[in-house]
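J.: This is the structure I want to talk about, given as structure tokens.
The values are calculated or read from the model by the stated rules, or taken from the named source; none is laboratory data. Computed from a predicted structure; not experimentally measured. Every residue, glycine among them, receives a Cβ derived from its backbone with ideal geometry; neighbour counts consider all protein chains shown.
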Amino acid sequence: MELQTSSLADVRVLELAGEVGSYAGKLFADLGADVIHIEPPEGDPTRMSQPFYKDVPSTEGSLQYQHLNTSKRGMVLDITTSEGKEIFLKLVKTADILIENEPPGYLDQLGLGYSQLSSINPKLVHVAITPFGQDGPYKDYPQSDLVCMAMGGFLYLAGKDEDKPSRVYGDQAYMMGSLYAAMGSIIALYHAEATGEGQFVDVSMQECVSTALENAVQYYDLEGIIRRSLVGAEAGYGTYPCQDGYAFVMAAMGKNRYLWDPFIDWLIEEKVEDAEILKGNDWLDPAYRKKEASIQTFKRIVEPFLLKNNKMFLYEESQRRKCCVFPVSSPKDVYENPQLQYRHFFKTLYHEALGGEIHYTGAPYEIDGIKWELSATAPVFGQHTRGILQDLEYTPEQIKSLEKEGVVVVK
């Protein structure tokens, strides 16, 4: 197999994943890999995740499911049955990568753990995404995105001073786990191609989240300081209301003048009342800016100016003046963003089962030598089961029997 081709069409990925791990498979699928999304008979739980297409709950209508499973083939298979295990093992023989998010030890109990799978396919890269990894005192603890964000330390950072921790919107821990799983699996795949040896890739979402803490751990290790967010904790650094939403002002950074001076000069040029007060050298001292009186003074002077202007004007004008005022973009703003529109970032696919179009985010990267595309909408329940079984040389009679016994679901 040669990976430096126009796509990853010669890579096969088996995916036993739902809300955790499906994005890892999507990254391969949209680059052309043959990704088989294997669902249990009760279905991928993401199918029931809101929001739904036109707000109508249905097996196919979850927009989260649609987003996570583009370009994949879909199979419904009960791997807990003897017949299902046999089918799964036949698929494993043909696979390069397995991505799964089962609890530690679960696949071993079924006779489908890495030791069993690698014995029939020594080149297999088996990627397991779990909340805390395959070993350790927490390995069997139940999980949620909130648990992983909290235990990884990210939740605590999202707040200031004595404020309660705050969760970032969306399942960010799950996404971090998927991203690291994709990166780890492609590295292991290169190794397998070079040596003929597959391996087990153990992805802990707690550890993935902990990599996103910037220098917070080092602050504590070296200085005994427990870091939290600086947003709003000092004058000139934080989110402020503007005419059509919010803007983030970053006029302060340590004792540097290069951000502060052009911003204050802008205020003075616009004849903002009392803006001259902010020219004093005291404002270059972080300790002074952190005083509550300083925070309130900055807010009193700056907010009226921001409220008179919309966020895109503030952003573009600040760029011209070499200072930093950024628009806080809503989903609507992102969708209409002129930069993203210029680069045709958003894509549209017609979904036959839903009878309408769905809009998707595009590629998170552009690669000259590898084609990226949304080749198909997410598979409907059991859409490709029959074809995959036929590829494994199951006869129509055998497929019908498996369907009757509840081992598979055929669309």
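Residue-wise test of (1) more than 19 Å from M250 (Cβ to Cβ); (2) among the β-branched types (V, I, T); (3) assigned to a helix (DSSP H, G or I).
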site	(1), (2), (3)
L267	no, no, yes
E273	yes, no, no
A287	no, no, yes
I301	no, yes, yes
F305	no, no, yes
L314	no, no, yes
Q319	no, no, yes
S329	no, no, no
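J.: Now for a different question. Could you check, for the range 329-349, whether at least one of its residues is in contact (Cβ under 8 Å) with a residue 60 or more places away in the chain, closer than 29 Å to M183 by Cβ and in the same structural domain as S71 (by TED's automatic domain parsing)?
T.: yes
J.: Still on this structure: Have a look at L89, L107 and point out the one that is buried (at least 16 other Cβ atoms within 10 Å of the Cβ) and under 28 Å from the mean Cα position of the chain (by Cα).
T.: On the way: L89 fails: under 28 Å from the mean Cα position of the chain (by Cα).
Within the list L89, L107, the selection yields L107.
J.: Specify which of the listed residues (I187, I225) is farther than 30 Å from S119 by Cβ and either crowded, with 21+ Cβ neighbours inside 10 Å or not charged (D, E, K, R) (or both). So that I can check it myself, show each step before the final result.
T.: Numbers: I187 fails: farther than 30 Å from S119 by Cβ.
On inspection, the qualifying residue turns out to be I225.
J.: Turning to a different aspect of this structure: Out of the range 202-227, which residues are out of contact with any Gly (no Cβ under 8 Å at 6 or more places or on another chain) and assigned to a loop (DSSP other than H, G, I, E, B)?
T.: Initial filter on the range 202-227 (out of contact with any Gly (no Cβ under 8 Å at 6 or more places or on another chain)): 211, 214-215, 218-227.
Correct list: T211, E214, N215, G224, I225, I226, R227.
J.: Further, regarding this structure: Of everything in the range 366-388 that's in contact with a strand residue (DSSP E or B) (Cβ under 7 Å, 6 or more places away or on another chain) and not in a loop (DSSP other than H, G, I, E, B), which residue is farthest from D44 (Cα to Cα)?
T.: I388
J.: Restricting the first residue to the range 79-103 and requiring it to be within 14 Å of A17 (Cα to Cα), which pairs with a second residue that is aromatic (F, W, Y) and modelled with pLDDT of 95 or more meet a Cβ separation below 7 Å and a spacing of at least six or different chains?
T.: From residues that are within 14 Å of A17 (Cα to Cα), the pairs are I79/F88.
J.: Ok, one more. Do the conditions hold for M183, that is, is it touching a residue at least 40 places away in the same chain (Cβ under 8 Å) and not in a strand (DSSP E or B)?
T.: So M183 does not fit the description; no.
J.: Which one is modelled with the lowest pLDDT among residues in the range 274-286 that are closer than 25 Å to Q319 by Cβ and charged (D, E, K, R)?
T.: For the range 274-286, the residue satisfying everything is K279.
J.: Suppose we filter the range 273-330 for residues that are among the hydroxyl-bearing types (S, T, Y) and out of contact with any helix residue (DSSP H, G or I) (no Cβ under 9 Å at 6 or more places or on another chain); how many remain?
T.: The total comes to 2.
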